[in-house]
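Structure, as structure tokens:
The values are calculated or read from the model by the stated rules, or taken from the named source; none is laboratory data. It should be emphasised that the depicted structure is a prediction, and the values quoted were computed from it without experimental measurement. As a convention, Cβ positions derive from the backbone with ideal geometry for all residues, glycine included, and neighbour counts pool all protein chains shown. The accessibility values were calculated without ligands, DNA or RNA, using every heavy atom of the protein model including side chains. Shrake-Rupley method; radii C 1.70, N 1.55, O 1.52, S 1.80 Å.
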Amino acid sequence: MQVPNEGHVAALAFPFGTHATPLLTLVRRLSASAPNLKFSFINTSKSNQKVFSKIKPNDYQNIKPFNVDDGVPEGHVFSGDPLEAVELFLRAMPENFKNGLEGAVAETGAKITCLLTDAFFWFGADMGAEMGVPWVAFWTAAPCSISVHMYTDVVRNTLKGKEENGDETLDFIPGMSAIRAKDLPAGIVHGKLEAPFNIMVHKMGQTLPRATALAINSFEEINPTITNDLKSKLKMVLNIGPFDLAWPPKSFSDESGCIPWLDNHDKASVAYLSFGSLLTPQPNELIALAEALETQRVPFLWSFRDSSKLQLLEGFLERTSTLGKVVPWTPQLQVLEHPSVGVFITHAGWNSVSESIARGVPMICRPFFADQGLNSRLVEEVWKIGVSVEGGNFTKSATTKALELVFSSGKGGEMRENIGNLKQKAKIAVGSDGSSTKNFTSLVKVVAGCENA
Ligand SMILES: O=c1ccn([C@@H]2O[C@H](COP(=O)(O)OP(=O)(O)O[C@H]3O[C@H](CO)[C@@H](O)[C@H](O)[C@H]3O)[C@@H](O)[C@H]2O)c(=O)[nH]1
């Protein structure tokens, strides 16, 4: 493919959760495929520091980070509500990004030729149109979750007056017959529909048909019906993942010694626990989870990010010091790759689910918010590669039951077989002739402005 000598791609990042990291991964891959193009990565200073600190300067030579206002007023004291920082940022949008774009143009001396944004940023459609450049939206989660945001009005109209216990299924949407109203993210039929975040994702669903392309960190074969339906509604749908299989990181750090610890365990015997970059379960759930692990004598490796809550596990930590290992952060990809890991106890954030699929590890899901309920339902009911904790939260009995199911029942064997098959499909998708590889080539053409080349 001939890539033009000029071009300046501006990437606009959502600075919360695991959003900016996959966008930067994508930008790095694009810049490796189109080294003649300039890339500006526009994000808050805090998030830029975090995501760029994980990579070496050599790995982003033609990518320049630019900082934008995070919307936090001077001297602001946070209340402790995790959504507060998000809402302040949403209020600062899109003006902060407009300033960021101006700064990127002024400093590089190159006008923008393509706008690549987190799909949340519905205003990318107008910005792209004003600049006369393509708007490429990037969805960091599964095809299923973008689909529910596209169908929000249909779901609201169809379920109006019917929603009693949340068991109504979305069988009126292609590929969604297993999804129940109660699996949906808040803001579609339940929760505060007028909350700023929910307004943003609603607008996103309405605006995406204007995007030149939608790139997704997934692969077509995982939900072909949903992907085909999206293709019928959008100009170009490009599943280009799973990223961690397509472009595995070159190195990793294991400061807490997780891998040597796993080396000392039997095949498929360990439960790995992590709840992503944002969450820690409530104290009663942490205690119930710990009790189940201890009683079942399941060796465990626990990524426990909020050290202030560790005191809740006093006693347990001492009693289980030879059974388990609790660390502040793990090299998750390498952990899931390790043959000793037999199950992943997860909040079902999309990156975690996708990484577990790509490494063939069945899951026990305890979803909290956003797309996590949908992902858990897909894991349990559609792909049959794991189970959700009964009753929706960790109790000792529900966790014990889930552990027994995965480790000691025939169903656990079926889950391992099913996830092995899905893993193979993922590998084929990112192989030289696979669907994700071909889609990525199409994306490079769009971003480089030579989609007809
Ligand atoms: O000890 C750890 C814990 C996590 N991770 C990594 O952190 C990421 C966590 O991502 P994810 O599982 O998606 O969780 P969140 O950080 O909670 O992700 C937010 O963003 C996701 C993508 O949009 C959504 O699916 C989630 O619901 C939302 O909470 C993964 O890549 C993990 O490999 C580590 O490397 N080590």
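Just checking, which of 96, 67, 58 is out of contact with any strand residue (DSSP E or B) (no Cβ under 8 Å at 6 or more places or on another chain) and either assigned to a helix (DSSP H, G or I) or closer than 30 Å to residue 247 by Cα (or both)?
Details: 96 fails: out of contact with any strand residue (DSSP E or B) (no Cβ under 8 Å at 6 or more places or on another chain); 67 fails: out of contact with any strand residue (DSSP E or B) (no Cβ under 8 Å at 6 or more places or on another chain).
Among 96, 67, 58, only 58 is out of contact with any strand residue (DSSP E or B) (no Cβ under 8 Å at 6 or more places or on another chain) and either assigned to a helix (DSSP H, G or I) or closer than 30 Å to residue 247 by Cα (or both).
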Check your understanding: Does residue 366 meet the test of being among the basic types (Lys, Arg), farther than 16 Å from residue 271 by Cβ and within 16 Å of the ligand (Cβ to nearest atom)?
Key -> no
Practice item. Output the residues belonging to the range 73-85 that are open to solvent by 50 Å² or more (accessible area, probe 1.4 Å) and without any contact (Cβ under 8 Å) to a residue 24 or more places away in the chain. Key: 73, 74, 75, 76, 77, 78, 79, 80, 81
Exercise for review: Filter the helices (runs of 4 or more DSSP H) completely within the range 347-453 down to those with at least 2 residues that are of a type in the set (Val, Ile, Thr) and open to solvent by 10 Å² or more (accessible area, probe 1.4 Å).
Suggested key: 410-430, 435-447
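So that you can scan it fast, the table gives a plain yes or no per residue for (1) within 12 Å of the ligand (Cβ to nearest atom); (2) in contact with a helix residue (DSSP H, G or I) (Cβ under 9 Å, 6 or more places away or on another chain):
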| position | (1), (2) |
| --- | --- |
| 9 | no, yes |
| 20 | yes, yes |
| 25 | yes, yes |
| 35 | no, no |
| 39 | no, yes |
Review point. Name the residues in the range 304-333 that are within 16 Å of the ligand (Cβ to nearest atom) and touching a Gly at 6+ places or on another chain (Cβ under 9 Å), would you?
Key: 305, 325, 327
Point to revise | Test for residue 53: is it open to solvent by less than 70 Å² (accessible area, probe 1.4 Å), closer than 27 Å to residue 370 by Cβ, of a type in the set (S, T, N, Q) and out of contact with any helix residue (DSSP H, G or I) (no Cβ under 9 Å at 6 or more places or on another chain) | key: no
Study note, to complete from the structure: Among helices (runs of 4 or more DSSP H) entirely inside the range 249-343, those with 3 or more residues being surrounded by 14 or more Cβ atoms within 10 Å (Cβ to Cβ) are 258-263, 283-296, 332-337
Practice item. Taking residue 367 as the residue in question, decide whether it is under 30 Å from residue 221 (Cβ atoms) and touching a strand residue (DSSP E or B) at 6+ places or on another chain (Cβ under 8 Å). Key: yes
